[in-house]
Amino acid sequence: MTEFLGQIVDFLNSTNVPQQFREVDAKALFTNAWFLAPFIAFICYNLYKQATNTLVMTGLGFGLWLFTGSRYMEGLVIGGKLQLDKVLPVAGVFIGAIAVAVYFLFMRSE
């Protein structure tokens, strides 16, 4: 199983996907009409269909994406050493996100 997952990780690294995610310019993305028009249409369609789960999961994904690119996360590792005083809040954010996702995907019914 480890060999299989290793091949997947090697493939993703060879396609430079992690590097592309790190270099995304959020301001430019949300001012680009080619992204913004379909995204607004997606949000409006889900509002019309009252798809709360989809809207919450979309918001959760964007929120976590913004949090992982924040200055707080940049200061998590300084000089190759993990800053232990910042681990607990980061873990709390991600545990909270998992709790919200579990609630909306499994416990709440539409």
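The values are calculated or read from the model by the stated rules, or taken from the named source; none is laboratory data. Just so it is clear, the structure is predicted and the values come from calculations on it, not from any experiment. Methodologically, a virtual Cβ is constructed for each residue, glycine included, from the backbone with ideal geometry; neighbour enumeration extends over all protein chains shown. In case anyone asks, the SASA skips ligands and DNA or RNA and just uses the protein heavy atoms, side chains included. Shrake-Rupley method; radii C 1.70, N 1.55, O 1.52, S 1.80 Å.
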Keeping to the stretch 90-101, report how many residues are open to solvent by 50 Å² or more (accessible area, probe 1.4 Å), in contact (Cβ under 8 Å) with a residue 24 or more places away in the chain and not β-branched (Val, Ile, Thr). 1
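Per-residue answers, yes or no, for (1) open to solvent by 60 Å² or more (accessible area, probe 1.4 Å); (2) touching a Leu at 6+ places or on another chain (Cβ under 7 Å); (3) basic (Lys, Arg); (4) within 23 Å of residue 95 (Cα to Cα):
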{"residue": "7", "(1), (2), (3), (4)": "yes, no, no, no"}
{"residue": "17", "(1), (2), (3), (4)": "no, no, no, no"}
{"residue": "20", "(1), (2), (3), (4)": "yes, no, no, no"}
{"residue": "31", "(1), (2), (3), (4)": "yes, no, no, no"}
{"residue": "65", "(1), (2), (3), (4)": "yes, no, no, yes"}
Does the stretch 40-56 contain at least one residue that is outside any strand (DSSP E or B), open to solvent by 70 Å² or more (accessible area, probe 1.4 Å) and either modelled with pLDDT under 85 or in contact with a helix residue (DSSP H, G or I) (Cβ under 9 Å, 6 or more places away or on another chain) (or both)? yes
Is one or more of the residues making up the stretch 69-89 surrounded by 12 or more Cβ atoms within 10 Å (Cβ to Cβ), assigned to a helix (DSSP H, G or I) and within 12 Å of the chain's Cα centre (by Cα)? no
